[in-house]
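What follows is a single structure, written as structure tokens, with notes after it.
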Amino acid sequence: MKINFFYDEVKYRSRNTGEIKLLIIKVIRNENKIPGDLNFIFTSDNKIREMNREFLNHDKFTDVIAFDYGIGNIINGEIYISVDTVKINAGNYKVSFKSEIVRVIVHGTLHLCGYRDKKSNERVVMKRMEELWLMKFFGK
């Protein structure tokens, strides 16, 4: 099991990777899954949009894209996060950048665990899970 953080075309660097890695493991184990190899790539809006076009046929910006390479109960994958969009969303939602980046990390991890967010009822469940893990992480 390896959880890696990579940075592509952004100045942002996570300061508390150890704590965040523990959170990721807890999220996965809470779903009765096994943490495998995960790569979190922090990148720009332009890279995310390019990937969205190429792999998902969407011509838009987004905060996170998750690629699931898991087999069975083992969670493997890549999660691309747009630092640009996370900054914008933090301002829009009136939350700290740190809180929003952790939310997006949890969101991507939940996708790899099988959660979806296309339908409104799925979004409600996803949001509830994000809030639960943010409260646990930040001790609120």
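The values are calculated or read from the model by the stated rules, or taken from the named source; none is laboratory data. From a predicted model like this one, the values you see are computed outputs, not experimental measurements. Glycine gets a Cβ as well: all are built from the backbone with ideal geometry, and neighbour counts include every protein chain shown.
From the set of residues in the stretch 8-39 that are touching a Ser or Thr at 6+ places or on another chain (Cβ under 8 Å) and of a type outside the set (D, E), which is farthest from A66 (Cα to Cα)?
Once the filter is applied, the top-ranked residue is V10.
Looking only at the stretch 1-10, filter to residues that are closer than 14 Å to I101 by Cβ and free of Cβ contacts under 8 Å to residues at least 60 places away in the same chain; which one of those is surrounded by the most Cβ atoms within 10 Å (Cβ to Cβ)?
F5
Can you tell me which residues in the stretch 89-124 are among the β-branched types (V, I, T) and closer than 23 Å to N39 by Cα?
Within the stretch 89-124, I101, V102, V104, I105, V106, T109 qualify.
Go through the stretch 11-48 residue by residue and tally those that are over 24 Å from R116 (Cβ atoms), buried (at least 18 other Cβ atoms within 10 Å of the Cβ) and in contact (Cβ under 8 Å) with a residue 60 or more places away in the chain.
Within the stretch 11-48, residues that are over 24 Å from R116 (Cβ atoms), buried (at least 18 other Cβ atoms within 10 Å of the Cβ) and in contact (Cβ under 8 Å) with a residue 60 or more places away in the chain number 0.
Do we have any residue at all in the stretch 49-65 that's hydrophobic (A, V, I, L, M, F, W, C), in contact (Cβ under 8 Å) with a residue 12 or more places away in the chain, surrounded by 14 or more Cβ atoms within 10 Å (Cβ to Cβ) and part of a strand (DSSP E or B)?
Scanning the stretch 49-65 turns up at least one residue that is hydrophobic (A, V, I, L, M, F, W, C), in contact (Cβ under 8 Å) with a residue 12 or more places away in the chain, surrounded by 14 or more Cβ atoms within 10 Å (Cβ to Cβ) and part of a strand (DSSP E or B).
Kindly indicate the residue of the stretch 66-101 that is outside any helix (DSSP H, G or I) and among the polar types (S, T, N, Q) and also surrounded by the most Cβ atoms within 10 Å (Cβ to Cβ) among those meeting that condition.
S82
Considering every residue within the stretch 103-111, establish whether at least one is of a type in the set (G, A, S), within 20 Å of F137 (Cβ to Cβ) and surrounded by 15 or more Cβ atoms within 10 Å (Cβ to Cβ).
Checked against the condition, which is being of a type in the set (G, A, S), within 20 Å of F137 (Cβ to Cβ) and surrounded by 15 or more Cβ atoms within 10 Å (Cβ to Cβ), the stretch 103-111 yields at least one hit.
Collect the residues in the stretch 37-72 that are of a type in the set (K, R) and in contact with a helix residue (DSSP H, G or I) (Cβ under 8 Å, 6 or more places away or on another chain), keeping them in residue-number order.
Across the stretch 37-72, the qualifying residue is only K60.
Quick one: would you say I79 is in contact with a Pro (Cβ under 8 Å, 6 or more places away or on another chain), under 21 Å from L134 (Cα atoms) and touching a residue at least 24 places away in the same chain (Cβ under 8 Å)?
no
Just one of (1) in a helix (DSSP H, G or I); (2) over 19 Å from L132 (Cα atoms) trips up I105, so point out which.
For I105, the failing item is (2).
If only one of I34, I20, I75, I28 is in contact with a helix residue (DSSP H, G or I) (Cβ under 8 Å, 6 or more places away or on another chain) and closer than 16 Å to R103 by Cβ, which one is it?
I20
State whether one or more residues within the stretch 113-125 are within 17 Å of V27 (Cβ to Cβ), modelled with pLDDT under 95, surrounded by fewer than 18 Cβ atoms within 10 Å (Cβ to Cβ) and acidic (D, E).
yes
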